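What follows is a set of notes on a single structure, which appears directly below.
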Amino acid sequence: MELTRSKARRAVNCVAIAIATLAAILVPVTPAHATYGPDQPVSITVTSNAGPSIMLAQLTGTLAFDDGNTKFRYALRLCWGSGSYPKPNFYVSVNGSTVFYPGQTGTTTAPAGCQLSLFLYDGEYTHSTTLTNVTLYVTGGWFYPGNTYNSRTKSVTYDNPYN
């Protein structure tokens with residue numbers, strides 16, 4: 001009887017070891033969470049370059065890169081300059097090739113010099129390969145002289161400090 005229990009116990013132990021080994025192979029290892037570095041200040045002001053000087057758009061806020069080299073987070077505010085038309089816009093270029101347009105996440109009271117509201121853009125972007133830099137492009141427009149439409153774009157590149 002004792003011999004039968006030992007054989008049964010060994011068989012159960014072997015099956016348990018086989019299941020544990022198989023589970024260890026099949027269950028992916030959870031990657032460590034990357035940590036964000038310090039916030040980098042963002043400040044881009046677009047002004048007219050024909051006719052009277054008009055502030056067309058201003059993008060302010062912060063962005064931060066993660067130490068895993070694939071993500072960045074942003075907290076940006078877009079001011080629609082009181083003399084510009086239509087509403088300004090901005091987009092992001094990652095590594096000089098991938099472009100995305102952040103979605104507006106809200107509004108808040110506009111400071112002096114801005115029309116209507118201050119437009120809020122908060123989020124995180126994950127890139128499929130190593131993230132080396134991010135360029136923000138801000139465009140504003142105005143009419144001068146008369147009904148002649150003009151637009152102007154300014155950009156600033158932010159390098160990822162982790163590569």
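If N is the number of residues in the stretch 109-163, what value comes out of its Cα radius of gyration divided by 2.2 N^0.38 Å?
Dividing the Cα radius of gyration by 2.2 N^0.38 Å gives 1.65.
What is the sum of charges, Lys and Arg at +1 and Asp and Glu at -1, for the other residues whose Cβ falls under 12 Å from the Cβ of Gly106?
Result for the local shell: 0.
Carbon and sulfur atoms: what percent of the 1.4 Å accessible area of the stretch 78-163 do they account for?
49 percent
Which net charge results for the neighbourhood of Ser93, defined as the other residues with beta-carbon distances under 15 angstrom from its beta-carbon, given Lys and Arg at +1 and Asp and Glu at -1?
0
In terms of modelled amide H atoms, which long-range or inter-chain residues lie less than 5 Å from the amide H of Val42?
Counting only residues 5 or more places away or on other chains, the set is Gly61, Thr62, Leu63.
Under a Cβ-Cβ cut-off of 12 Å, what is the net charge of the residues other than Tyr36 that fall near it, where Lys and Arg count +1 and Asp and Glu count -1?
-2
Which whole-Hz couplings ³J(HN,Hα) result when phi for each residue of the stretch 35-42 is put into the Karplus expression 6.51 cos²θ - 1.76 cosθ + 1.60, θ = phi - 60°, listed in order with x for Gly and Pro?
So the J values, rounded to whole Hz, are 10, 7, x, x, 5, 9, x, 10.
The values are calculated or read from the model by the stated rules, or taken from the named source; none is laboratory data. Bear in mind that the values here come from a model prediction, so they are computed numbers and not experimental data. A quick note on method: Cβ atoms are made from the backbone with ideal geometry, for glycine too, and the neighbour counts reach across all protein chains shown. Surface areas here come from the heavy atoms of the whole protein model, side chains and all, with no ligands, DNA or RNA. Shrake-Rupley method; radii C 1.70, N 1.55, O 1.52, S 1.80 Å.
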